[in-house]
Every structure is written in C-alpha cells, then in structure tokens.
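K.L.:
What follows is a single structure, and I will ask about it in a moment.
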Amino acid sequence: MTMSTVIRNITPLTLIIAMCMYPALLLPTGTHAQSTNWQSYSQADALEHAEARLKEIFEENRFQVKAFGGRWLPDGSGYCDLVHVPGRDTRSLVWYDLSSGERTMLLSKEILEAHGYKGTFQIKNYVLSADGDKILIELAGNDEEATNSVFWLLERSTGGIEKVTAGANSKISPDGNQILFTKQGDLYINDLTTNETKQLTFDGDFEAISNERAVWSPDSKRIAFVQADASAVSIRASLVPVDPSYPEIREQRFARVGGAIAKLRVGVLGLEGNETRWLSIPVPKEGFYLGEIGWAGNSEEVLVEKRNRFRDERQFLLAEVSTGKITTIYEESDPAWVVASYGTNGGVDWVQNFRSFIVLTEKDGWRHAYLHSRDGKKEVLLTPGEYDVIGRVGVDEDRGWFYYYASPDKGTQRYLYRVRLDGKGKPERISPMDQPGTHSYDISPDGKWAFHTYSTANKPPLTELVSLGDHKVVRILEDNAELTKKVNGLNSQPKEFISLDIGNGINMDAWVIKPRNFDPSLKYPVFVFVYGEPHAQTVMDSWGHAMADFHRIVADLGYLVVSMDNRGTPCPKGAAWRRAIAGSLGPLSTEEQAAGVKALARNYSYVDLDRVGIWGWSGGGSNTLNAMFRKPEVYKMGIAVAPKPQPHLYNAWFQEIYMKTPEVNPQGYRDSAPINFAEGLKGNLLIIHGTGETNTHLEITEGLVDRLIELGKPFDYMAYPNRDHGLSEGKGTQVHMRLYMLRYLLTHLPQGGR
C-alpha cells in the first residue's frame, strides 16, 4: 500500500496528526516537486502528482502569464489600460501620462454607479476616437439581458459620461460624431449629436448574408464594407443535446474543399442619401477572397486586396468611388502560393502622403519589404539579403524608418530591426544583443516609444516601456515575478534548442526537454510533439509556446519530450522551405519527422529508439496518424487529437491554399490522407475528438474509425461530448483529457532511463 493510499483512508483526526508529522506529503505539487523524482513513484502515484500539476495549470491558473494590455493614445502622450484596483474585484479603465507615469481613473464601478448605472461592471472592450478624447466602452450585459452588451461613451477632456447605442465591431467616426456598428448582419450608425440610430443596410441575414469589415472614410461621410453572401454554401446539420432523448438540430453553413464558398463584393455607402455603390471587381465563378480593405488617403479611393481562391495570385486594386474605375497598382502570382503566410504578407503600409506603399512579398525567394510608388514607376527593395522579414511592426515616417521583425541567423528567435525608408544604409538591429529569444514591440503613434515584451522558452515575459533607437528602459510594466518564482520552484530541466541534420542540406530546428533527474549514461524514451503544417511553428524560443507547461510534466515523468519543425512549417528560412509541401500535406512532414528522430539518436546516445511515441493536435493529429501508419518501425505509440484523416472533407479556406481541390490535384489528396494508409498501423494508437467539432468535424475522424475496424486494427478512441476543436468546454475537461493522455503514455511507452 502506497503512502498516498494510506492518506486517503485515514480518519480526520489521524490526518491532522499526519500533517503535523509529515507535512511534505500534503504539499502542492509545485513545492513537493523540488525534492522528488516522479520516476521513482509507482504509475498511480506519478499520475496523482501529475494531476495536481495539471489542476494548477488548467483550473487554478497558477502558471498563467500576466499580459500587459496597454493601448497607446493617438498622440503618443500616454496609454490606457485595464487594471485591478486594490479592494475591487473587477478591472477599471485608467490612463497613464507617459512623461510622469501618473495614473488617472477613467471608468470604475463607483463612477458608473454615480451616474445611475446598477448593472454588471465588467469591461469587455473599449475603442478610442481618432483624437483619443472619446472612448467607447463595452460592458458585459446585466443578467436579465443575457449576453447583450451595454455601451458607455466618456470624454477625457470633460469627464462626461453617458450611455449610448452601439454594438458589435463598433468604430467611432474620424470626426468623433458617429458610431458605426453591426447587428444581425446589417450596418448601423448612431449619431452622437442627435442621439439617433440609423440602419444603413437592410439585406443582412444572420444565417446567410452579412455586411461586415466596415471602414470609415477620412471625411466621415462614407463607409466601405464587404458583403459576404453564403446562401450557396452547403448547410451542415449537427445535434444540440438540449434534451438527450430529443436533441435539437443546429444548421450551419460549411464551405468544404471543392464546394461553393461565400460570394464577396465591396460596397461604399454614402451617408447622405444612404446610397450603396458596388465596386466593379471581376468575380470568377469559383469565387475569391479579400485581404485588406481601406481608404487610400482620401474619401474617393478604396484599396482592395484581392486573392484568388487558391491564394496563389493576389492584386492590390484602387477603386474610384465616383467613376467606378479600377486600377491595379500591384500584382503577383506563384503556383506554390504567393500568400503562404497570408496574415504576415497581407496589406500595405502607406507612406509619402499616400503616394507610395510598403508591401511584403516572397517573389525573390525571401520575404522582403519593397517600397512601391502608387503609379508603379518605382520599386525599392528595403530589406536586401538572404533572410526573411518575419513581420512588419510599424513606420516612423517623420524620422524615415520602417520597423520589422527578423532573425537572420536563427529561425527560432525574433528581434526588432529597422531600415531607412529611402532604401539607403544597412538594416539596424534594435533589440539588445544580450537578449537572445523573442521580442515583441507596440510602437507609439509618434514613433518615439514602445511597449517591449521579451521572453525565452525558459524565461516568462517581461514587459517594459522603452525609448526607441537607444532602447533605454523607462519603467517596468509587467515583470511576471510571481510566475517566475513558481516556475523556478518546479526544478524542471530547461528547454534546450538543437539543430538536426537529416541530409540533403536540410537542418531542422528542434527542442528537447529532459527528465528532472536526467542521467546521460542511460537511454530514455522519446515523446515527439508534432504539428508540421504551414500554419504554425512549434520550435520557437518564446515563453509558453507549444504547450510548454504540459510538456514539462511529461518530461518529469521520465521522457525526452521533443519537437521539430520540418519543411513546410512557416519558419523564416526562405520561401523554398515553406513551399516544399505545396500540393500535399503529410508525406514530406512524415518523412522528415522520422528522419529527425533518427538524427536525434545518432547525435545523442541517451535516445532510446525502441521507445518512441508521437502526439499532435489538429494538423499535428493528422501528422501523428501518418507517422503511425507510414512509419510503424519508428513510432511505437501515438495520440492524435482532433485530426483530419480525410482532408478532402475539411474546410476550403485552409486546405485549398496548400492543395487546391481534388479535381485539380487528385494525387495530392490521395497521398496526404492518413485514412488511405491505415493498414500500416502496428503500434498503440489513441484518437481523441470532440463530438461538437465545428472545425475538424467528428465525421471526418469517424470515417477513419470505420476503416480501422474494417481492417481489424486494435486502437483506442475517446470522444468528449459536445466539445469543440479546443476541447476546453465543460468542467474538468482539460485536466481529464491530459491525464488520460498521460495514462496512455505511461501504459504503452515505458518511462524512465535504462
């Protein structure tokens, strides 16, 4: 009988005596772990300690990062923030003067109550006017109003505050006199001078048609917006278990690979007369997507970023509202997709009084920033060299700088750089040289200051106010000292970054977390965490990345936890790296992940190739299935969470970027689908899925379940009722699922060094 079993069966009096004699037995895991080796426990006791850690992470939020959420005032003189005030259980809105650091209360529960408000005080969001004087504040609705929000408008200059009409996606007009918002698919404005609300569109249908992404013109007299008509998109039915015996049916439109997608068009509303002009953008029969929509520095021209259905072509169009004339000011195409990193490459930064713009493109093999004149006569490469721009940060036109993220030497890190807008001179690194890791910046509107956040895989985030250029620290905004102390108390091994040469000039970035009492003379089992698709990297030197808290628990159970980024992942290693999997997600990542495991064993004698497991979520779940089916000689067990084993049944928006459609690319779909290789399963496989999935629908996985049954393959299957893709709904779900995974891991991949 274990000591934990004894404790569970003793009387309350005996328990008190035991606490006095053996206090360490009842300490929280975070404290007990400092001097305890979980690997020396029985499996039951190890799981008990792991469960305590899981509860600390997912239920008690003891390892949650405190993120700084300040927002700059438009003139850069200060910033607003939501803060907890001592003695109050809700956050209040304050603003800080930049020069003095003095804090002024803008909105609190007491202030609202003084104006007669007696409802719920929970600030959900706030929006600043163009001059920063007016702030529209969204409060959670009263209990009797269910999920409805309540909106209040305050003026910083006068201290005035009043309740106003607003709604979802609220935007204050540039002149500060109107609020634009959406309601059930239609656009509305509230005139603050007359306190009248006016409906602008009348064809909105919550189920099929929405008027969205509305943008004010600079003169506050027009609104550009996108209308999405999904009436031709097929409807998918799912059960709503209101009554278990008689569940209701919920219908949602779902654009599947190869099927109809929403029809888009761009309209411009003139507030005088309520007239809508539809821009004459050509519409191909297969449909298209839209990126940035905005005004081109005046109230006559609208910039529209148009992407074709497969995202391998894009155009920036200038539309003249009055004449209807459409001019293409930039375009590019590539059969291996031109918008691989659609969120990063998209949009433009206007400069030189809207005569020129900065665009990110991968047309020369690297993601670079180019300065283009609006008339197309001039193009300047701002960021030359064999490295990628990781992302844009901002433009300080007064001083002539373009700020961006890059890491020319290590694809796992991120630093702030700047380069002259005229293309002269060399790029300058702004992030301190003695701070390797990941840096994020929110630059003030005047370009003088920035909120700077720095972290590594082993160091929680630190946010500080810095002056740009010299990077001098003005004050600490959030140091996460309490979290750092808790993490250090765990006494876990740090995450180590390595490079794996798998041949043919391919080096994959990887990280390893070792067991707490690691002995290099022994061999340890390997548990691989995989994603391997173009949507995300798992190997980044930043805090909390790739489920780090959970993976530290796994390592402390006696495993080498490893993750690798194969070609096709969005690493800043050039366009060829990212485009290597164009046409088929699955085969290349499976080959390179398996090669990475073998390279790991060649380089490190403590790797036990007889005990290798793998797990992943979503696309990582699909790669886990491919690994188990195609490389059974490498992987002895696997856990696939919310996978998509039949990619032709997945959503069009994501899958078609990389594989087009089965009609265009039938072989690619056959080669990428794990279900087509299920006969190769030899190891222990656990599939986890939520029955309420709205992304990788349960039926996509159930087809694989049927196939494995048909083949007579033993496997394990866990379905969580009514949970969606994140498997977080329901009390206890997150702890239960991860504990279930750990139990499966310990059962089928023996722990500890040998």
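The values are calculated or read from the model by the stated rules, or taken from the named source; none is laboratory data. Predicted model, so just to flag it, every value in this text is computed and none were measured. Quick reminder, even Gly has a Cβ in these numbers, built from the backbone with ideal geometry, and neighbours come from all protein chains shown. Side chains included, ligands, DNA and RNA excluded: accessible areas come from the protein's heavy atoms. Shrake-Rupley method; radii C 1.70, N 1.55, O 1.52, S 1.80 Å.
K.L.:
Near the amide H of VAL528, under 5 Å away, which other amide H atoms are found, from residues 5 or more places off or on another chain, if H is placed in the peptide plane?
P.N.:
VAL562, GLY613, ILE614, TRP615
K.L.:
Now for a different question. Antiparallel versus total DSSP beta bridges in the stretch 489-600: what percent is that, nearest 5?
P.N.:
70
K.L.:
Taking a 1.4 Å probe, which of PHE254, PHE629 shows the most accessible area, and what order do the others take after it?
P.N.:
PHE254, PHE629
K.L.:
Per-residue counts of other Cβ atoms within 10 Å, averaged by peptide: what ranking do you get for 510-516, 731-737, 597-603, 195-201, highest first?
P.N.:
510-516, 597-603, 731-737, 195-201
K.L.:
At a probe radius of 1.4 Å, what is the per-residue accessible area of VAL257, in Å² to the nearest 10?
P.N.:
Only protein atoms counted, so the area is about 10 Å².
K.L.:
Using 0.36 nm per residue, how much length does the chain from GLU286 to VAL65 gain when fully extended, once their Cα-Cα distance is taken away?
P.N.:
75.2 nm
K.L.:
So what J values fall out for the stretch 430-446 if you push phi through Karplus, 6.51 cos²θ - 1.76 cosθ + 1.60 with θ = phi - 60°, rounded to Hz, Gly and Pro as x?
P.N.:
Couplings: 9, 4, x, 5, 8, 10, x, x, 10, 10, 10, 9, 10, 7, 5, x, 8 Hz.
K.L.:
Leaving out ligands, DNA and RNA but keeping every protein chain, what accessible area does VAL539 have, in Å² rounded to the nearest 10, with a 1.4 Å probe?
P.N.:
It works out to around 0 Å².
K.L.:
Over the stretch 48-160, with every protein chain in place, what whole percent of the accessible area is carbon and sulfur at 1.4 Å, could you tell me? The partial results should precede the final answer.
P.N.:
Numbers: 2530 of 5730 Å².
Exposed carbon and sulfur together represent 44 percent of the surface.
K.L.:
Given points 7 Å out from each Cα along the Cα-Cβ axis, report the GLU272 to VAL473 separation in nanometres with one decimal.
P.N.:
5.5
K.L.:
Going toward the positive end of the dipole of the stretch 205-251, with +1 on Lys and Arg Cβ and -1 on Asp and Glu Cβ, which of ILE223, SER238, ILE209 do you reach last?
P.N.:
Towards the positive end, the residue furthest out is ILE223.
K.L.:
What is the dipole size for the stretch 138-221, taken about its Cα centre, with +1 at each Lys and Arg Cβ and -1 at each Asp and Glu Cβ, in debye to the nearest 20?
P.N.:
Charge dipole of the stretch 138-221: 340 debye, to the nearest 20.
K.L.:
Using the crude model of +1 on Lys and Arg Cβ and -1 on Asp and Glu Cβ, and no other charge, please compute the dipole size for the stretch 39-193 relative to its Cα centre, in debye to 20.
P.N.:
Taking the Cα centre of the stretch 39-193 as origin, the dipole is about 140 debye.
K.L.:
With Cβ to Cβ distances under 9 Å as the rule, what net charge do the other residues near MET564 carry (K, R +1; D, E -1)?
P.N.:
Numbers: positive: none; negative: ASP509, ASP565, GLU592.
Charge balance near MET564 sits at -3.
K.L.:
Let me ask something else. Roughly how tilted is helix 619-630, in degrees to the nearest 10 and between 0 and 90, from the longest Cα axis of the chain?
P.N.:
40
K.L.:
Here is a follow-up. What's the angle, to the nearest 10 degrees (0 to 90), between helix 43-58's Cα axis and the longest principal axis of the chain?
P.N.:
Computed tilt is about 10 degrees.
K.L.:
Something else now. When the solvent-accessible surface of protein heavy atoms is calculated with a 1.4 angstrom probe, in what order do HIS84, HIS725, HIS372 fall, highest first? List each step's numbers first, then the result.
P.N.:
Values: HIS84 120, HIS725 40, HIS372 15 Å².
Heavy-atom accessible area, descending, gives HIS84, HIS725, HIS372.
K.L.:
About its Cα centre, what dipole magnitude does the stretch 310-468 give when the only charges are +1 on Lys and Arg Cβ and -1 on Asp and Glu Cβ, stated in debye to the nearest 20?
P.N.:
Numbers: 20 positive and 23 negative charges, 43 e Å.
The calculated dipole for the stretch 310-468 is roughly 200 debye.
K.L.:
Roughly how far apart, in whole Å, are the Cα centres of the stretch 357-418 and the stretch 181-225?
P.N.:
For the stretch 357-418 versus the stretch 181-225, the Cα centre distance is 35 Å.
K.L.:
Could you calculate the contour length gain from LYS486 to ASN517, that is, 0.36 nm times the residue separation minus the distance between their Cα atoms, to one decimal place in nm?
P.N.:
Result for the pair: 9.3 nm of gain on full extension.
K.L.:
Less than 23 Å apart at the alpha-carbon level, and either on another chain or at least 8 residues along: which lysines does that give for LYS171?
P.N.:
Filter leaves LYS124, LYS134, LYS163, LYS183, LYS198, LYS221.
K.L.:
What ranking of SER170, SER99 comes out by heavy-atom accessible area, probe 1.4 Å, highest first?
P.N.:
In descending accessible area the options line up as SER99, SER170.
K.L.:
Within the stretch 448-544, what whole-number % of the accessible surface is contributed by carbon and sulfur, with the 1.4 Å probe and all protein chains included in the calculation?
P.N.:
48
K.L.:
Okay, moving on. Tell me which aspartates and glutamates have Cα within less than 14 Å of LYS55's Cα, excluding those fewer than 8 residues away on the same chain?
P.N.:
Leaving aside aspartates and glutamates fewer than 8 places away in the same chain, those within reach of LYS55 are ASP549.
K.L.:
If ligands, DNA and RNA are left out, what is the accessible area of LYS378 with a 1.4 Å probe, given in Å² to the nearest 10?
P.N.:
LYS378 has an accessible surface of roughly 120 Å² with all protein chains in place.
K.L.:
If you roll a 1.4 Å probe over the stretch 234-298 with all protein chains in place, what percent of the accessible area is carbon or sulfur?
P.N.:
50
K.L.:
Per DSSP helix of 4 or more residues, -39500 (n - 2.57); summed, then divided by the residues of the chain. What does that give at 222 nm, rounded to the nearest 500? Mind dumping the intermediate values first?
P.N.:
Values: 15 runs with 145 residues, N = 754.
The helix-only estimate for the chain comes to -5500 deg cm²/dmol at 222 nm.
K.L.:
Multiplying the sequence separation of THR194 and LYS263 by 0.36 nm and subtracting their Cα-Cα distance, what value in nm do you get? Mind showing how you got there, number by number?
P.N.:
Working: separation 69, 0.36 × 69 = 24.84 nm, distance 3.62 nm.
Gain on stretching THR194 to LYS263: 21.2 nm.
K.L.:
Rounded, prolate or oblate, given the Cα gyration tensor of the stretch 284-373, with a/c below 1.5 counting as rounded?
P.N.:
Working: a/c = 2.32, a/b = 1.25, b/c = 1.86.
Taking the square roots of the gyration eigenvalues as a ≥ b ≥ c, the stretch 284-373 is oblate.
K.L.:
When only Cα pairs under 8 Å and 6 or more residues apart are kept, what is the percent relative contact order across the stretch 569-718? Please list the in-between numbers first.
P.N.:
Working: 240 pairs, mean separation 35.4, N = 150.
Relative contact order comes out at 24 percent.
K.L.:
Follow-up question, since we're still on this one. Counting pairs of alpha carbon atoms under 8 Å apart in space and at least six apart in sequence, what relative contact order in percent does the chain give? Provide the component values of the computation, followed by the final result.
P.N.:
On the way: 1638 pairs, mean separation 63.0, N = 754.
Contact order relative to length: 8 percent.
K.L.:
Now, a different point. List the residues whose amide H sits under 5 Å from the amide H of MET718, counting only those 5 or more places along or on another chain, with H placed 1.01 Å from N in the peptide plane.
P.N.:
Result for MET718 returns ILE687, ILE688, HIS689.
K.L.:
Taking a probe of 1.4 Å, how large is the accessible area per residue of the chain, in Å²?
P.N.:
Working: 32690 Å² over 754 residues.
On a per-residue basis, the chain sits at 43 Å².
K.L.:
What do you get for the angle between helix 12-21 and the principal long axis of the chain? Use alpha-carbon atoms, 0 to 90 degrees, nearest ten.
P.N.:
Between helix and principal axis, roughly 90 degrees.
K.L.:
Once you've got the Cα coordinates, tell me which of LYS66/LYS514; LYS306/LYS644; LYS514/LYS598; LYS448/LYS573; LYS363/LYS660 are over 22 Å apart.
P.N.:
LYS66/LYS514; LYS306/LYS644; LYS448/LYS573
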